[in-house]
Amino acid sequence: MRLSSITRILLLSTGLTLAQQSAPFNLALLSTHKSLNGSLLDACHVAAAYESIYLLGQGDRFYTEFRFNASYQLNNQTQGYLFFNLPIGDVNNGGFVAQMHFTSSTNVAYPLLIPADNYTAEFLVFDANNLLAQMGLLDPSKSNYEQVPFYRWYVCDYNIFGYQYRDLVWVMGKGRPEAANCDKVNVTRVFV
């Protein structure tokens, strides 16, 4: 059987991604708001095989251990996928990856954890200070394609598929989020 070049590249990149998985970590918030600073984020059910990333409540004990599947280098930043295993007894579920979901009526997107599929996962980076970011064009109107990290994370009261949580959201562009009760945050990883 002869494999196409695309198939070989996909198989190779999938193998490399899986081989470069980080140690487990928690996602914590950095904020000027004392009630948010240091708070943990957790995965929370919003639909069949869909999890949002929400603010863990005071006194809650369970928290999700995330991992980072490194994929490639761009401008001295290692890009990859935010990944976690949904605990379902002893079943190996193949893991979940973060994918941004956009709402056309607002400037807000939210990372939704979905069954692992490298074709739809969102590329993210952790910078030298372990802050979670998305790479984007410094100036999209120019043709030099210089990419830099952006930190447009907020925690907002947000409704996803009928579930109302205090969710981690991303703002598209430079404005404030078009969502209720939002606070600017940075997201950092804390290795366990």
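Only the coordinates and a few stated rules stand behind these numbers; no lab work does. Quick caveat: nothing in here was measured; it's all calculated off a predicted structure. Methodologically, a virtual Cβ is constructed for each residue, glycine included, from the backbone with ideal geometry; neighbour enumeration extends over all protein chains shown.
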Contour minus end-to-end for Tyr72 and Met100, with contour as 0.36 nm per residue of separation and end-to-end as the Cα-Cα distance?
-> 8.2 nm
DSSP-assigned coil residues among trypsin sites (Lys or Arg not before Pro) in region 23-76, each with at most 12 further Cβ atoms within 10 Å | Lys34, Arg61
The extension gain from Gln164 to Asn129, computed as 0.36 nm times the residue separation minus the Cα-Cα distance, is 9.5 nm
